[in-house]
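Accompanying notes for the structure given below.
The values are calculated or read from the model by the stated rules, or taken from the named source; none is laboratory data. Note that this is a predicted model, so its numbers are computed, not measured. In this analysis, Cβ positions are derived from the backbone assuming ideal geometry, glycine residues included, and neighbour counts consider all displayed protein chains. Surface areas here come from the heavy atoms of the whole protein model, side chains and all, with no ligands, DNA or RNA. Shrake-Rupley method; radii C 1.70, N 1.55, O 1.52, S 1.80 Å.
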Amino acid sequence: MALDISANPIGQPVDRIDGRLKVTGGAPYAYEHRLERAPAYGVIVPATIAKGRVRAIDAAGAEAAPGVLLVMTHRNAPKQPAFGPPRASARFARARPYLGDDRVRHWGEPVAFVVAETFEAARAAAALVTVEYEAETPALGLERHLKAAYAPETINVGMKTDTSEGDFEAAFAAGPVTVDATYHVAQQHHMALEPHAAIASWDGDEVTVRTSAQNVANTRKALAATLEIPLEKVRIMSPYVGGGFGGKLGMRAEVVLAAFGARALKRPVKVAQTRQQVFSNVGHRPEAIQKVRLSATRDGRLTGVSHEVWMQSSPIEEFAEQTASSTRALYGAPSILTRHRLVNLDMQGGEPVRAPGEAPGLLALESAVDELAHKLGLDPVEMRILNDTQIDPEKKVPFSSRKLVECLREGAARFGWSDRPKAPRERRDGPTLIGYGVAAAIRPNYLGPCAATVRVAEDRTVRVRTDMTDIGTGTYTILAQVAAEELGVPLKAVTVELGDSRFPVSPGSGGSWGAASSASAVLDAARKVKAEMARTDEARVFEATGSVKGMRETQSYKDFSQYCFGAHFAEVAVDEDTGEIRLRRMLGAFAAGRILNAKTARSQMIGGMIWGVSSALFEEAVVDPRFGHVVNGDLGEYHVAAHADVPNVDAFFVDEHDDKANPLGAKGVGELGICGAGAAVANAVFNATGVRVREFPITLDKVLIG
Amino acid sequence: MTPFTYERAIDAAAAARAVAERPDAAFIAGGTNLVDLMKLGVARPKHLVDVSRLKLDTIAESEDGGLFIGAQVKNSALAADARVRGAYPLLSRALLAGASGQLRNAASTGGNLLQRTRCPYFTNTATPCNKRSPGSGCSALGGFNRIHAVLGASDACIATHPSDMAVAMTALDAQVRTVTGDGATREIPMSGLYRDPAQGPEAETVLTHGELITAVRLPPPPPGRQVYRKVRDRASYAFALVSVAAVVDARDGQVLGGRLALGGVAHKPWRVSEAEQTLGAESRPEASFAAAADAALKGAHGYGANDFKIDLAKRTIRRTLADAAGVSS
Ligand SMILES: Cc1cc2nc3c(=O)[nH]c(=O)nc-3n(C[C@H](O)[C@H](O)[C@H](O)COP(=O)(O)OP(=O)(O)OC[C@H]3O[C@@H](n4cnc5c(N)ncnc54)[C@H](O)[C@@H]3O)c2cc1C
Ligand code: SF4
């Protein structure tokens, strides 16, 4: 039977279909779901040493406090499997025991869990738990422990730890023009607006956890493994996620402890980590030292690129950020060397944080490229164009699409790059120095195996289901757009249901693969439904499950190297007396395949760019080497960009359709915006002041000293 | 947060009495600082006396041509008041440079003066801190002390007072009015409100337990142009690394005199009379601003991460005085 064909919604700047619910408070986040039975409230008691063991816990005061239902410590917590070795192949699905033994492995690790009738009662009682520690001397401080650095087997997403194309050392020795610079990037945190939270409830031997997860299938596996119960007995629901950025890829303490509490008390238990706890319990972008060496001919052709990284990791769980990985593909130099080394410190391990690898790596690489252009007296835009390549220097295959040059050219034109101050300290505005900066963006394009169902009811309304999550990116909306276009129904006729482990499995939100993977699965399901509908005149319900294979099973990911590209342009003003750096305007030009929703995609880019500005200028978690805690562990003192810091940030996409990426021709946009954004700002600061700050974030004291 | 009881005071003397009677009682006004500290377990009052609805929320002109600001006037209302903006723009600017719109709507004049330090070891009950737990040591010494004091500090404590408003009030020679439980009132000059940390950092002001701030009196404004300059790590919503409140009386390019107070550098707004005396003492304005900067930072001492504040403060003083004098460098 036939459907009406309406306008093509894919690509249109459609408002979020869940927008109204969100702004009216109708979209429940993890801590807000209302269940039939009133929940009890759990509060986590964190460790206050970095390493050692709990010698004694006095819970009597807490147990006797009004309203308290349960105080759990390692002495009465359920038996759990051991965490196991620091490396695991499926790390987000592995068991994560909490309160499993008396060891303290990092500051902030939960040592007790208090559940009471109200949140206030639980918090007051938590303060009454006294813990006696047997402290050991922790290893803290990256620089101090560099000698203990080791090479991991692989780095994040299974990439090679080291690579070497050509003979870099020979090229570097031959020069004739070289840059050898060491950069330092600070520990940074996800700081999603919504903290980690969960509500667990049991029905017999089945547990349902409503939580804030980027990937419900992994959370389900991890919880089943931790509770040692069959996967079918666990249901995870995560319909709305108030930001994830990588911090909610893995299951955390609140999920496990809520499940224990609810099982023990036979009633729902809800738990949220405090903002301070989020700083010590969900991972972070590890602090790193990056040495970048470049060699080039006098006309600006790169002859060698080397990028070596030393970063913090943890003896509990290894995480090697792929910081130098995009250096393998960004420029067409005949020799490229990259290396990653880890230093174990007694802290929680690192985690992916928006654009793991590229965000800190490009801060260093794209600063170094700017240093080289300055040394050579070349326009940094032209020098980048000169070193463009259409063949991936590492994989030796063509790029599926690569519009870096178009982004640089079009971005430069729209930004007014030709009007730039050519030399540092050349332009002033009153008491400030004005500088322009540019940097390139690169980010791999991924595709994960995904399934979805599409159902067309008798009244022609459409329902889409997948366990995919919308972490604020706009997934609900783009999936509705894809289904509506393929089925030729109005957008209003489509309902999208996400984030329930009872729905078909997706790869979740992460790595910028979410949109392409889930939209491809929905497209496939919609096509199947349409085909079935075309075969009959019956007015009945049609339903089909569609899927897409992951990139590992997809030939075009072997034949082609797949990345997204972009270019950032920034203008800053630096106060000559105080060193205060203020962004004046910023423009990003991006090539990311077919854009599914012009509005939400642009929001993604701008959000990423703002974070890039923030990470270059403000964000630094200071770990006290005497204690092992994040000293400035709250949003008052861990500075993220405020509105006044990002007055004029804009982004646009160059036209692209990448038919090698997936059936839709779309690529990931979630992380691309942050890639290189900070370097454009850093380069603008240099252009303004003549001071090259290699220690990020670039705070005013560093500019003043230089 | 430990459980507490709560009462709403009916008048100022009764409020003072209610707190004075119990060593574990505290006043609460806007609560923007106290409630945070209670959640963190840093402040543990067992009884709160809410003074936010006392009829101390008006701004009135005083007979000498100054202003009389009730302790419950909100920061946003004070900043927006036409008389304040007209005659004391320094105060208005300082207030607007602080916190955020939402916080200023809740924060009171009295509470702002008595807000506690933002030292991150003070707010973390798991680290030693002499201010929070006398005798336990000062973690900021040898720790992360970027926001800490370079002037007037002691080995017992190097914390700063975080208020912007208080810096402007100090430069304006404000007087703080109080009442105690027995109905006695007194007036304390801003310059005498905060105690030297060497005398024990746990007590920050000369106020006694139960002494309620009822008002702040501003004398008529000093002659000259007023400028408040706050230097901070991001463009808004951050405490001052260094702030400068300057009043400069200049005519025809000639500096006649002025006032100068610094924020973010000490346990209290820092005002040095020698620095003010240099204003007008030199014939070239730039020379007198440089002399004032040097005099203001005399004896300054950094603790590592905050060393930069000394030079930053001098630079900011020179520039702010020049701005106030209308001589752009
Ligand atoms: C995120 C954040 C950022 C901030 N940024 C800034 C900034 O940049 N600049 C700045 O200056 N401030 C800043 N502030 C601090 C803010 O200005 C203060 O929290 C506020 O002024 C306190 O006023 P309140 O009425 O809420 O005080 P409360 O929290 O109610 O009280 C503070 C203290 O004063 C006592 N008290 C209150 N009223 C009286 C009275 N009348 N007599 C005697 N004792 C009294 C209370 O017992 C308590 O000890 C910030 C605060 C936050 C949370
Ligand atoms: S500086 Fe003062 S407030 Fe901070 S830790 Fe030291 S004693 Fe405590």
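Things worth noting here:
- For region A:375-427, the per residue solvent-accessible surface stands at 48 Å², with DNA, RNA and ligands left out and a 1.4 Å probe.
- Solvent-accessible area lost in complex, 20 Å² minimum, residues of region B:303-329 relative to chain alone, 1.4 Å: B:F308, B:L312, B:R315, B:R319
- For A:L69, the amide hydrogen comes within under 5 Å of the amide hydrogens of A:V115, A:A116, A:E117, counting only partners 5 or more places away or on other chains and with H modelled in the peptide plane.
- Taking only the alpha carbons of region A:276-373, we obtain Rg and Dmax values of 15.2, 52 Å in that order.
- Backbone geometry of region A:152-161 corresponds, through the Karplus equation with coefficients 6.51, -1.76 and 1.60 at θ = phi - 60°, to 3J(HN,Hα) couplings of x, 4, 9, 9, 3, 6, x, 6, 5, 5 Hz, x marking Gly and Pro.
- Selection from A:V541, A:H106, A:H74 lying farthest towards where the dipole of chain A points positive, charges on Cβ: A:V541
- Inverse mean reciprocal Cα-Cα distance (Kirkwood Rh) of region B:159-201, Å: 11.9
- Most mobile listed residue (B:Q72, B:Q199, B:Q175) in chain B, GNM with C-alpha springs under 10 Å: B:Q199
- Selected from B:D249, B:D64, B:D24 as most flexible by GNM, with chain B as the system and alpha-carbon contacts under 10 Å: B:D64
- Length gained on full extension, A:R103 to A:T130: 8.1 nm, using 0.36 nm per residue less the C-alpha separation.
- 1.4 Å probe accessible area per residue over region B:250-301, in Å²: 45
- Based on C-alpha pairs under 8 angstrom that are at least 6 apart in sequence, chain A has a relative contact order of 17 percent.
- Label-point separation, A:H184 to B:K55 (7 Å along Cα→Cβ), nm: 6.0
- Taking amide H as placed 1.01 Å from N in the peptide plane, the amide H of A:S212 sits under 5 Å from that of A:A197, each at least 5 places away or on another chain.
- Where labels lie 7 Å past Cα in the beta-carbon direction, separation of A:S164 and A:D15 in nm: 5.9
- Of the DSSP H helices in chain A, those whose Cα atoms cover at least 24 Å axially and whose Kyte score averages -1.0 or more: A:358-376, A:514-534, A:598-617
- FRET E, pair A:K395, B:A305, Förster distance 60 Å, beta-carbon r, rounded to 0.05: 0.85
- Burial of 40 Å² or greater, region A:563-592 residues [accessible area, probe 1.4 Å, versus chain by itself]: A:D577, A:T578, A:E580, A:R582
- Taking the charge dipole of chain B about its Cα centre, with +1 at Lys and Arg Cβ atoms and -1 at Asp and Glu Cβ atoms, the residue from B:T316, B:L297, B:Q277 reaching farthest to the positive side is B:T316.
- Size of charge dipole - region B:11-121 - debye, nearest 20, with Cβ of Lys, Arg +1 and Asp, Glu -1, no other charges: 480
- Residue among B:E21, B:E276, B:E204 with the largest mean-square fluctuation in a Gaussian network model of chain B, springs linking Cα atoms under 10 Å: B:E21
- Annotation: extensible slack from A:R55 through A:A531 equals 164.7 nm (criterion: 0.36 nm per residue apart, minus Cα-Cα distance).
- Dipole magnitude of the protein assembly as shown about its Cα centre (Cβ charges: Lys, Arg +1; Asp, Glu -1), debye to nearest 20: 620
- 29 Å Cα-Cα threshold exceeded, pairs from B:K131/B:K309; A:K702/B:K230; A:K147/A:K667; A:K51/B:K230: A:K147/A:K667; A:K51/B:K230
- For the protein assembly as shown, the Rg and Dmax computed from alpha carbons only, in angstrom: 30.4, 99
- Pairwise FRET efficiency - B:R85 versus B:D252, Cβ, R0 = 25 Å, nearest 0.05: 0.40
- Of A:K221/A:K270; A:K395/A:K660; A:K375/A:K403; A:K403/A:K660; A:K492/A:K528, those spanning more than 24 Å from alpha-carbon to alpha-carbon: A:K375/A:K403
- Under 9 Å, Cβ to Cβ, from A:P13 - net charge with Lys/Arg +1 and Asp/Glu -1: +1
- Taking region B:140-254 and dividing mean pair separation by its residue count, relative contact order in percent (alpha carbons under 8 Å, at least six apart): 24
- Accessible carbon and sulfur surface of region A:56-209 relative to its total accessible area, %, 1.4 Å: 54
- Residues losing 30 Å² or more accessible surface upon assembly, region A:628-644, compared with the chain by itself, 1.4 Å: A:H629, A:V631, A:E637, A:H639, A:A642, A:A644
- Area buried, chain B against chain A - accessible surface, total, 1.4 angstrom probe, square angstrom: 2700
- Net charge of neighbours whose Cβ lies under 13 Å from the Cβ of A:S212, counting Lys and Arg as +1 and Asp and Glu as -1: 0
- Distance in nm between pseudo-label sites at A:E36 and B:S283 (7 Å out along the Cβ direction from Cα): 9.3
- Efficiency of FRET from Cβ geometry, A:R275 and A:D559, R₀ 45 Å, rounded to 0.05: 0.45
- Evaluated at q = 0.19, 0.23, 0.33, 0.35 Å⁻¹, the base-10 log of the normalised Debye intensity for region A:514-554, with identical point scatterers placed on the Cα atoms, takes the values -0.59, -0.73, -1.07, -1.13.
- Summing charges over all other residues whose Cβ lies under 13 Å from the Cβ of A:V179, with Lys and Arg as +1 and Asp and Glu as -1, gives +1.
- Secondary structure note: in the protein assembly as shown, about 80% of the DSSP beta bridges are antiparallel.
- Long-range HN-HN contacts of B:L256 with modeled amide H, under 5 Å: B:D249, B:A250, B:R251
- Selection of trypsin sites (Lys or Arg not before Pro), region A:321-398, meeting DSSP coil and at most 10 other Cβ within 10 Å: A:K396
- Its Cα centre serving as origin, region A:379-489 has a Cβ charge dipole (Lys and Arg +1, Asp and Glu -1) of approximately 340 debye.
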